1. List, largest first, the extents of the alpha carbons of the chain along their principal axes, each in whole Å.
2. Using the Cα centre of the chain as the reference point, and only Cβ charges (+1 on K/R, -1 on D/E), how large is the resulting charge dipole? Debye, rounded to the nearest 20.
3. Along the charge dipole of the chain, pointing to its positive end and built from +1/-1 on Cβ of Lys, Arg, Asp and Glu, which listed residue (GLY174, ILE68, LEU288) has its Cα farthest out?
4. Can you give the longest run of the chain that contains no trypsin sites (Lys or Arg not before Pro) sitting in a DSSP loop with at most 11 other Cβ atoms inside 10 Å?
5. Find, to one decimal place in angstroms, the Kirkwood hydrodynamic radius of region 2-140, where the mean of 1/r is taken over every pair of different Cα atoms and then inverted.
6. Putting +1 on Lys and Arg Cβ atoms and -1 on Asp and Glu Cβ atoms, find which of ASN246, ALA107, TYR307 reaches farthest to the positive end of the dipole of the chain.
7. Aspartates and glutamates near LYS22 by alpha-carbon distance under 18 Å, same-chain residues fewer than 8 away left out - which ones?
8. Test of the criteria: in region 2-77, which GluC sites (Glu not before Pro) are in a DSSP loop and have at most 16 other Cβ atoms within 10 angstrom of their Cβ?
Amino acid sequence: MRVLVVDDNESWRRFFYSTLQKQPEYQVIGEASDGQEAVQQAQQLQPDLILLDIGLPKSNGIEAARRIREVSPTSKILFVSENRSSDIARGALSTGAGGYLVKSDAASELLPAVKAVLQGERFVSASLAAHNLAKPRDDQGDNPQRKNVVAPFPEKKVRHEVEFYADDAGFVDGFARFIELALRAGNAVIVIATELHQINLFQRLVADGVNVAAEIEQRSYIPLNVTHTLSSFMVNDSPDPVLFRNVAGDLIAGAAKGANGEHRRVAVCGEGVHILVAAGNLGAMITLERMWNEIGTNYEVDVLCGYFRSDFATEAEVTTLARVCAEHTAAHGRELWW
């Protein structure tokens, strides 16, 4: 299957190219960086599939898609965008495109999306599943013979979120919001952070009216040093699954005793993953994210992972950023990049 990749961001083009080229059934035959060039390339190459970004210069992706349908009517179109607006997605699909892929979900969803669209099925990223976009509407101009409709990745029920911060002030603001919401709901909170961030969080929470000393005393607020916590389950620079489950299980069981809400839920926020990626240990970071997924599922724990923009400072880190987002049920702060 011959694929044309259209995106004004070179790093995303490289990501799509490298991912598809590893699959023997796909061949990337061209690239374009703006809407006009996309139409020209589509007309010249007549590809089987076009990965089409929406936010393109000269002519946006939706306008380009309409023109592509005229000059290359057999080409299938899969929109790729960081925009999660259901209205934008619906407008994109109204061009007759076969799918809408959210970029931060691309690490896990790109290949299934490509396969579905090439098979004539509708694909919509799981993060947009609640808007019922997977089913073509009569006013969307879709092929009336397209009967197969898929959204192969159901929405995750576990709350395992990630937030990206521009600086320390943003980190404190983000973690403080998470902590205060949990405490107001009667839940216990485990906070895994550096000593400096713990001090700043303590001061911020007190300023917001939280009696932190009392919360610590009744074990509904548990501050932990991130370096010490990581060392308790790291073996040869990688998280040990058995040690991690034991450490996390004991912490959550202890924190649950301090929760006074109806459901006695525990929330965890931490920057251990930031520490690992900042040290260049990307494999350990992804492993730790997946372990928190398991813990969140088994114990019904709300998890917030904190990263800094500096963790993904170069264009080469876009692939890593996509992998990080793919491990979470929601990602906040991506507007720092897009």
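1. On the principal axes, the chain reaches 69, 40, 37 Å in Cα extent.
2. With Lys and Arg at +1 and Asp and Glu at -1, about 1060 debye.
3. Result: ILE68.
4. The longest such stretch corresponds to 158-338.
5. After inverting the mean inverse Cα-Cα distance, the result is 14.5 Å.
6. Final value for the positive-end residue is ALA107.
7. GLU31, ASP48, GLU109
8. In loop regions of region 2-77 (DSSP not H, G, I, E or B), the sparsely surrounded GluC sites (Glu not before Pro) are GLU25.
FYI, it's all coordinate maths here, none of it is from the lab. Owing to the predicted nature of the structure, the values given are computational and were not obtained by experimental measurement. In this analysis, Cβ positions are derived from the backbone assuming ideal geometry, glycine residues included, and neighbour counts consider all displayed protein chains.
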